[in-house]
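Undergrad: First, the structure itself, so that you have it in front of you.
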Amino acid sequence: MILESERRQVVAHAAELAELTPARTGNLSVREGDAFAITPTGVPYDSFDVAETPVVGVDGEQREGEMAPSSEVPMHSAIYRREDVGAIVHTHSPWSTALAVAHQPLPPIHYMIVAVGKEVPVAEYAPYGSDQLAANIVAAMDEAGSTASFIENHGLVVTAPDLETALENTHHVESLARLYLETRSAGLEPRRLSDDQLETVLEKFESYGQ
């Protein structure tokens, strides 16, 4: 069985998507070398096992797994071809998607934004599952220096070195999107952190944790 460890990670963490995205609209993947394990298409997140978990090459071709992969394989594979990342999480999380449909980036209103960069940009719309969508996402992230991006009228994509970090940062972005929108809905204008303030946070984060 190829990519057994990565497939086990997908199975172990797929149910977390249910906390982030409606019905079966999210997907996640974990990469090793020139291939990645990804959630299957159109099934509940807790209804597949390791052997059923699809493995796909960065060329987009399925290599193993009893189930068909997510319809977003072209997006995942194209991002992996363009970016040196180890995991991708894609959701239609409500607060993030609210900003996506408004074509509104998430500014640095709280220091935890540095988990993904200094802002969350918005990638130009393209049909789901397309190589063009992946190109737009990568362009938006590269321009903003971010590891996450909203997608116009679609949702959120977060990349990271590993799946646990990608999921954690997806939660961070969703929480900050909610904070931003709730502050504005209260008639208040969120104040932005300066670039110098963000750089200080980045320096402190280098020694954060165990």
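The values are calculated or read from the model by the stated rules, or taken from the named source; none is laboratory data. Remember, predicted model here, so these are calculated numbers, not experimental data. Note that we place each Cβ from the backbone using ideal geometry, even for glycine, and neighbour counts take in every protein chain shown. Areas reflect the complete protein model, heavy atoms only, side chains present, ligands, DNA and RNA absent. Shrake-Rupley method; radii C 1.70, N 1.55, O 1.52, S 1.80 Å.
Undergrad: Scan region 42-57 residue by residue and report those that are under 20 Å from residue 130 (Cα atoms) and modelled with pLDDT of 95 or more.
TA: 54, 55, 56, 57
Undergrad: Output the number of residues of region 17-45 satisfying the condition of being within 11 Å of residue 91 (Cβ to Cβ) and either assigned to a loop (DSSP other than H, G, I, E, B) or of a type in the set (Asp, Glu) (or both).
TA: Residues flagged as within 11 Å of residue 91 (Cβ to Cβ) and either assigned to a loop (DSSP other than H, G, I, E, B) or of a type in the set (Asp, Glu) (or both) within region 17-45 amount to 6.
Undergrad: Of the residues 91, 53, only one is under 21 Å from residue 160 (Cβ atoms), out of contact with any Leu (no Cβ under 7 Å at 6 or more places or on another chain) and polar (S, T, N, Q); which?
TA: The unique qualifying residue is 53.
Undergrad: Now, a different point. Do we find a residue being outside any helix (DSSP H, G or I) and touching a residue at least 40 places away in the same chain (Cβ under 8 Å) anywhere in region 5-16?
TA: Scanning region 5-16, I find no residue that is outside any helix (DSSP H, G or I) and touching a residue at least 40 places away in the same chain (Cβ under 8 Å), so the answer is no.
Undergrad: State yes or no: is residue 167 touching a helix residue (DSSP H, G or I) at 6+ places or on another chain (Cβ under 6 Å) and more than 16 Å from residue 100 (Cα to Cα)?
TA: Yes.
Undergrad: I need a count of the residues in region 1-32 that are open to solvent by 10 Å² or more (accessible area, probe 1.4 Å), at pLDDT 90 or above and of a type in the set (Lys, Arg).
TA: 2
Undergrad: Determine if region 81-102 includes at least one residue that is under 22 Å from residue 150 (Cα atoms), aromatic (Phe, Trp, Tyr) and not in a loop (DSSP other than H, G, I, E, B).
TA: Yes, because at least one residue in region 81-102 is under 22 Å from residue 150 (Cα atoms), aromatic (Phe, Trp, Tyr) and not in a loop (DSSP other than H, G, I, E, B).
Undergrad: Looking only at residues in region 103-152 that are in contact with a strand residue (DSSP E or B) (Cβ under 8 Å, 6 or more places away or on another chain), assigned to a helix (DSSP H, G or I) and of a type outside the set (Val, Ile, Thr), which one is surrounded by the fewest Cβ atoms within 10 Å (Cβ to Cβ)?
TA: So, considering only residues that are in contact with a strand residue (DSSP E or B) (Cβ under 8 Å, 6 or more places away or on another chain), assigned to a helix (DSSP H, G or I) and of a type outside the set (Val, Ile, Thr), the one surrounded by the fewest Cβ atoms within 10 Å (Cβ to Cβ) is 139.
Undergrad: Which ones in region 174-190 are open to solvent by 40 Å² or more (accessible area, probe 1.4 Å) and part of a helix (DSSP H, G or I)?
TA: Listed by number, the residues that qualify are 175, 178, 179, 181, 182, 184, 185.
Undergrad: So which pairs qualify, if the first residue must be in region 87-107 and under 10 Å from residue 181 (Cβ atoms), the second must be open to solvent by 50 Å² or more (accessible area, probe 1.4 Å) and hydroxyl-bearing (Ser, Thr, Tyr), the Cβ gap must be under 9 Å, and the two must be at least 6 apart or on different chains?
TA: Pairs found: 95/175.
Undergrad: How about region 81-102: which of its residues are open to solvent by 60 Å² or more (accessible area, probe 1.4 Å) and in contact with a helix residue (DSSP H, G or I) (Cβ under 6 Å, 6 or more places away or on another chain)?
TA: Passing the criteria: 82, 95.
Undergrad: While we're on this one: Which of the residues belonging to region 53-80 are in a loop (DSSP other than H, G, I, E, B) and either exposed (fewer than 15 other Cβ atoms within 10 Å of the Cβ) or among the hydrophobic types (A, V, I, L, M, F, W, C) (or both)?
TA: Of everything in region 53-80, those that are in a loop (DSSP other than H, G, I, E, B) and either exposed (fewer than 15 other Cβ atoms within 10 Å of the Cβ) or among the hydrophobic types (A, V, I, L, M, F, W, C) (or both) turn out to be 58, 59, 61, 66, 67, 68, 71.
Undergrad: Residue 164 passes all but one of (1) over 22 Å from residue 15 (Cβ atoms); (2) in contact (Cβ under 8 Å) with a residue 40 or more places away in the chain; (3) open to solvent by 10 Å² or more (accessible area, probe 1.4 Å); (4) part of a helix (DSSP H, G or I); which number fails?
TA: (1)
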